[in-house]
Amino acid sequence: NAGVTQTPKFQVLKTGQSMTLQCAQDMNHEYMSWYRQDPGMGLRLIHYSVGAGITDQGEVPNGYNVSRSTTEDFPLRLLSAAPSQTSVYFCASSYLVGRGGGNTEAFFGQGTRLTVV
Amino acid sequence: AQTVTQSQPEMSVQEAETVTLSCTYDTSENNYYLFWYKQPPSRQMILVIRQEAYKQQNATENRFSVNFQKAAKSFSLKISDSQLGDTAMYFCAFFMNTGFQKLVFGTGTRLLVSP
C-alpha cells in the first residue's frame with residue numbers, strides 16, 4: 001500500500017517556466033488537496049477536490065490549476081512560475097467526513113520543495 | 001480567511017513536563033473532524049490525534065489528549081511526560097463542510113522539548 005505518492009521531491013524552476021506536481025493515492029479517497037507551506041503561515045489550501053471531476057479553490061489559488069479526471073490522481077500545475085511560488089508543497093488525501101468513520105485522517109505526500117529563481 | 005487559529009507560535013517545555021497547545025476554530029456546522037498533526041524536521045506530516053465533533057468524550061492517544069470544548073470552538077492538545085522526540089511543529093486542522101468539505105490548517109506551534 002503506497003499511500004500518497006508525490007513527485008518530485010525537489011525542483012528548481014526559472015521564472016516563467018511551467019511544471020506539474022504529481023500526486024497519486026491508492027486508498028480510494030474521495031478528498032484530495034494541495035497545500036503550500038511557508039514559514040509562519042502554516043499550510044494554506046491551494047485547491048481541493050471531493051471526487052473525480054469536482055474541484056474548488058482554496059485560500060491561495062492564483063497561479064495554480066488542478067484537474068481530477070480519476071479518483072487516484074490530482075496534479076497541480078504551475079502555469080508561469082514566479083518567485084512568490086517558492087515554497088514547500090504538500091498533497092493530501094482523505095475519506096470525506098461520514099465516509100471513513102472513526103478512522104478518518106488525512107494522509108500526506110512527502111512534500112515538494114520548489115524554488116523559483 | 002483562516003478559520004483555524006493557533007495563537008502560540010512557539011512553546012518550550014522541559015523533558016517529562018506537561019504542555020498544552022491551544023487551537024480555536026470557526027464553524028456553524030455540527031458534523032466535522034478535528035486533528036492535531038505533528039511535523040518533525042523530516043517534513044513528514046504525522047497524525048497525533050483526532051476528534052469527531054459529535055463525540056463528547058475527549059480523545060486520548062497514550063501521552064496525548066485533547067480538551068474539546070464544542071460550544072467554545074476550542075480544541076487544545078495536552079502532551080504529558082514530554083519527550084525530546086516531541087520537538088516538532090504541531091498543526092491543528094479542521095475538516096469543515098461548506099457545501100464542499102475541505103481540510104484547513106492553523107499556522108502551527110513550534111514546540112521545543114529541552115533536557
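The values are calculated or read from the model by the stated rules, or taken from the named source; none is laboratory data. Just so it is clear, the model here is predicted, and its values are computed rather than measured. Here the Cβ positions follow ideal geometry from the backbone for every residue, glycine too, while neighbour counts run over all protein chains shown. Remember, those area values only see protein heavy atoms, side chains included, never the ligands or the DNA or RNA. Shrake-Rupley method; radii C 1.70, N 1.55, O 1.52, S 1.80 Å.
Worth a mention:
- Looking only at residues in segment B:60-76 that are closer than 29 Å to A:Gln110 by Cα and among the charged types (D, E, K, R), the one that is surrounded by the most Cβ atoms within 10 Å (Cβ to Cβ) is B:Arg63.
- Residues in segment A:75-94 that are in contact (Cβ under 8 Å) with a residue 60 or more places away in the chain, within 14 Å of chain B (Cβ to nearest Cβ) and farther than 22 Å from A:Asp26 by Cβ: there are none.
- Every residue from segment B:68-92 that is in contact (Cβ under 8 Å) with a residue 24 or more places away in the chain and assigned to a strand (DSSP E or B): B:Phe68, B:Ser74, B:Phe75, B:Ser76, B:Leu77, B:Lys78, B:Ile79, B:Ala88, B:Met89, B:Tyr90, B:Phe91, B:Cys92
- Out of A:Val4, A:Val60, A:Val97, sole residue that is of a type in the set (A, V, I, L, M, F, W, C) and within 9 Å of another protein chain (Cβ to nearest Cβ): A:Val97
- Residues of segment B:74-107 that turn out to be modelled with pLDDT under 95 and on the phi > 0 side of the Ramachandran plot, as a count: 1
Yes/no matrix, rows are residues, columns are (1) open to solvent by less than 60 Å² (accessible area, probe 1.4 Å); (2) over 13 Å from the mean Cα position of the chain (by Cα):
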{"position": "A:Met27", "(1), (2)": "yes, yes"}
{"position": "A:Val66", "(1), (2)": "yes, no"}
{"position": "A:Thr71", "(1), (2)": "yes, yes"}
{"position": "A:Pro75", "(1), (2)": "yes, no"}
{"position": "A:Ser87", "(1), (2)": "yes, no"}
{"position": "A:Tyr95", "(1), (2)": "no, yes"}
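- Selection from segment B:3-45 of residues that are touching a residue at least 40 places away in the same chain (Cβ under 8 Å), open to solvent by 30 Å² or more (accessible area, probe 1.4 Å), in contact with a Lys or Arg (Cβ under 9 Å, 6 or more places away or on another chain) and within 11 Å of chain A (Cβ to nearest Cβ): B:Pro9, B:Glu10
- Being surrounded by fewer than 20 Cβ atoms within 10 Å (Cβ to Cβ), within 14 Å of another protein chain (Cβ to nearest Cβ) and either assigned to a helix (DSSP H, G or I) or not basic (Lys, Arg) (or both) is a property that holds for B:Gln57.
- Given (1) open to solvent by less than 30 Å² (accessible area, probe 1.4 Å); (2) within 14 Å of A:Ser94 (Cα to Cα); (3) small (Gly, Ala, Ser), index of the condition A:Ala52 fails: (1)
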